[in-house]
1. As a test of the formula, what do you get for chain B when each DSSP H run with n ≥ 4 contributes -39,500 (n - 2.57) and the sum is divided by the residue count, at 222 nm and rounded to the nearest 500 deg cm²/dmol?
2. Ignoring ligands, DNA and RNA, what percent of the accessible area of the stretch B:1-130 is carbon or sulfur (1.4 Å)?
3. How big is the A/B interface in buried accessible area, both sides summed, 1.4 Å probe, to the nearest 100 Å²?
4. Averaged per residue, what accessible surface does chain B expose to a 1.4 Å probe, in Å²?
5. Per-residue mean of other chain beta-carbon atoms within 10 angstrom of the beta-carbon, peptide B:86-94?
6. What does the net charge come to around A:Glu202 if you take all other residues with beta carbon closer than 14 Å to its beta carbon, with K and R at +1 and D and E at -1?
7. Could you sort out which of A:Lys279/B:Lys363; B:Lys15/B:Lys363; A:Lys177/B:Lys157 sit more than 32 Å apart by Cα distance in this structure?
8. Exposed loop GluC sites (Glu not before Pro) only (DSSP loop, at most 14 other Cβ atoms within 10 Å): please give the longest stretch of chain B free of them, not including the sites.
Amino acid sequence: MGDWMTVTDPGLSSESKTISQYTSETKMSPSSLYSQQVLCSSIPLSKNVHSFFSAFCTEDNIEQSISYLDQELTTFGFPSLYEESKGKETKRELNIVAVLNCMNELLVLQRKNLLAQENVETQNLKLGSDMDHLQSCYSKLKEQLETSRREMIGLQERDRQLQCKNRNLHQLLKNEKDEVQKLQNIIASRATQYNHDMKRKEREYNKLKERLHQLVMNKKDKKIAMDILNYVGRADGKRGSWRTGKTEARNEDEMYKILLNDYEYRQKQILMENAELKKVLQQMKKEMISLLSPQKKKPRERVDDSTGTVISDVEEDAGELSRESMWDLSCETVREQLTNSIRKQWRILKSHVEKLDNQVSKVHLEGFNDEDVISRQDHEQETEKLELEIQQCKEMIKTQQQLLQQQLATAYDDDTTSLLRDCYLLEEKERLKEEWSLFKEQKKNFERERRSFTEAAIRLGLERKAFEEERASWLKQQFLNMTTFDHQNSENVKLFSAFSGSSDWDNLIVHSRQPQKKPHSVSNGSPVCMSKLTKSLPASPSTSDFCQTRSCISEHSSINVLNITAEEIKPNQVGGECTNQKWSVASRPGSQEGCYSGCSLSYTNSHVEKDDLP
Amino acid sequence: MNFSEVFKLSSLLCKFSPDGKYLASCVQYRLVVRDVNTLQILQLYTCLDQIQHIEWSADSLFILCAMYKRGLVQVWSLEQPEWHCKIDEGSAGLVASCWSPDGRHILNTTEFHLRITVWSLCTKSVSYIKYPKACLQGITFTRDGRYMALAERRDCKDYVSIFVCSDWQLLRHFDTDTQDLTGIEWAPNGCVLAVWDTCLEYKILLYSLDGRLLSTYSAYEWSLGIKSVAWSPSSQFLAVGSYDGKVRILNHVTWKMITEFGHPAAINDPKIVVYKEAEKSPQLGLGCLSFPPPRAGAGPLPSSESKYEIASVPVSLQTLKPVTDRANPKIGIGMLAFSPDSYFLATRNDNIPNAVWVWDIQKLRLFAVLEQLSPVRAFQWDPQQPRLAICTGGSRLYLWSPAGCMSVQVPGEGDFAVLSLCWHLSGDSMALLSKDHFCLCFLETEAVVGTACRQLGGHT
């Protein structure tokens, strides 16, 4: 069938289909001729087919054709074309109605078939185009595959090359390593050889030296002598003592004494350090206890809590603290206790701090939804407004200045007016004075305005602070309220009570203030001139700290550090007359000409550099 | 800052007496002793030949003048100018001479390091110490003057002998585990002796006074090792500078390294202040503001002015390419000095010769870097405070303190090329030495400045 379909003309396929139906039934066909014709119709010749149709029914075989059709139709389930006869002998009549019905039905069928065929054809077309598309896709993919295959081969090739290279490099590395090893061996062997030779030479040299010594020293060289006027006394005023076993023992004793002293000194230092560290530990402990003690009241209410036991520990330790003298006795006994308790407390503190942090972040989040944001916005708006106003004022001042200058310029720039100027001078002067006073007044006004603005800003800040305080108390209240409702949250309250409730909004303030705050190291314990300079020298304040911690080296004085700067800066700040004084302090009379006067000095220091800049 | 007039000098021989009262200087074969305050000549001694070395005795009563070429040492007394003493080493020769800490004995090292002769000024006795080692720093005395450590070499092995200086009795004698000992140095507290090996091997050993080996430290193998060693005045730290351009700080408790200070040519840390010496001609300087303003009428105008500028990081310092095929290559830490309070350490990396690094020992980090226009010749700390004086062989003196730094032109006709300097122990003045001249530089003390300011305050 498939072959057929491809061969036959699509326009005639309907007929050929019907024909095929016929052909399937050819065995039933009475006329061999017809069957032959049908067979002939398999040859795709339209004319043939037509002729076959026209030849189906002739005048001679109407009856036959009818009966054939009837037969065929009945086999297809159509009603018989003949009228139902009552008797056998009577010739069956052709029922026209039935024929027409059949025809009609056949036509309908035909139409349906045509429609179906059309559908099938369009589908076929679609499928054909799909097929094409798929084919093109296929070819493309094939191409792609090909290229990727080629690429892969290329990559493989490269990989192989790289591997080859790698192998080579490895080989090289190994060679190099071997080389290094060899060289090291060579160096070592050379070194040993060198040492050996050196030793040999040294031995020779020693022999020579010995010989020389003998020659030089044993010759009773008269030159080797000391010519001295008279012997001087010993520095310590004592007389030299004979060398005996006693002096040897004494020397030993002294040496050990020195060593012992050194060790004692070091021990003392270590003891001091230890004491200090202990003190720090103690203080830390105390502070921790005081920090953590406020929660003691709370846990009484709670029964099952892990911190409860620790708090009892804290109480215990607090009791221990009263026996402070115990700390000084010996570290051994107390050490473990101390470290353990400190560790515990530290853990508690850490967890608290963590919780606190969480809380703070929470509060932060809440805070964003609060009115606080609005107030901040207000504040910003206000400041913006103020800034704008200040800007406007400044501009006004500038324009006025310009006007004044212009007036002055116009008054002065023209040469011809210089004659007239004299007469107008007084008038102008007065006018200028007036203007000047006006200007001054305006300036004052502006100043006042500015002051009021700053005051307003300060007030705003105060208000803000008050508000924040309010807010903090409100938050506190809220948290307290929360605890009354919610027992699980009681820990938060405990925190608040422990850190007096202000820690979180303190944090907030710190956050908001940070950008304004500038890191500035303040030098303590240094002279006035130093405080300006230490900005660039972070070490100077800490030197004093170091002095405190290490009292063993106490000579250092941070005041002396800046000797030079002090003396170099002062005269310049004060004026020129001082320099002359300073630079002419005489060393020796009579030798002053141009010796110390030609001294140029330049001085640099980070701060000063900055000052130079406008 | 004031400068004295310029005096003649030869072979850079100029020394303050240990008590700070006198200043001895040599001009050819003459020894001149001056008063430090008035600079008047107190004594003038004439030696037999050109003086090559001078040294004050610890009590400032005697001065030793060595004439190595003639194998002679002459000693002069300050109290009795007519007193004289001449020691002739004869054909044995002389290569080094020094005082013992008591100021009554002189230790002469003969040529080829055959022996050390100990001459006494009190008695006729002469002692000999055989087998001294010919090395960079073979003799060292404890600060209290009680003991002397001496490096020795016998049978191709290094030994250290510790003598009691009062009667030259041998206290300890032990061999050291070194290939070729190069130097020894007592800790300032006199209880620990640092011994380091030749530069071929990085090795430093620490011995107790009683000869026990306390510790050994070696940072690396194969390449060139230790170049310089310095104890902190507190005896807490031992700084070891090596050829790899690093300083390693050892502590006095475990004798392990606390930290190492590298000396890279590029400085990136913005915390570090880099002072760069900048030269500019005075003509250019007139227009712009400078601090301090150029002093008008300050004698003969210098050809150019120099001042420090603060370089913005990152800074790359001028480096010298070391010639590696020569012996003693110019690399590594060649100079090391702790400030008297042990708070700072100044170093110089020899392949970055223009720069001085100042390290903060409290925080164990770099504090400041000074880059000069020419190679640094010498630097020395003020004995009283953390103040560093630097000279570069030019006519300027440079001073650094934690507050900042400055450069000072040394006045005088012609160029006064400062080759070396030494502080007076009070820290108020220092001697600047050039090839054949020297002058004193007086730094005002704070009291002087204070009174001056007060006076001015009264005037205004």
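1. Mean residue ellipticity, 222 nm, calculated: -1500 deg cm²/dmol.
2. That fraction is 50 percent.
3. Accessible area lost upon association: around 9600 Å².
4. 38
5. 5
6. That works out to +3.
7. Values: A:Lys279/B:Lys363 23 Å; B:Lys15/B:Lys363 35 Å; A:Lys177/B:Lys157 35 Å.
From the list (A:Lys279/B:Lys363; B:Lys15/B:Lys363; A:Lys177/B:Lys157), the Cα-Cα distance tops 32 Å for B:Lys15/B:Lys363; A:Lys177/B:Lys157.
8. With a cap of 14 other Cβ atoms within 10 Å, the longest stretch comes to B:222-412.
The values are calculated or read from the model by the stated rules, or taken from the named source; none is laboratory data. Values in this document were obtained by computation on a predicted structure and should not be read as measured data. Virtual Cβ from ideal backbone geometry, glycine too; neighbours counted across all protein chains shown. Surface accessibility is based on the protein's heavy atoms, side chains included, excluding ligands, DNA and RNA. Shrake-Rupley method; radii C 1.70, N 1.55, O 1.52, S 1.80 Å.
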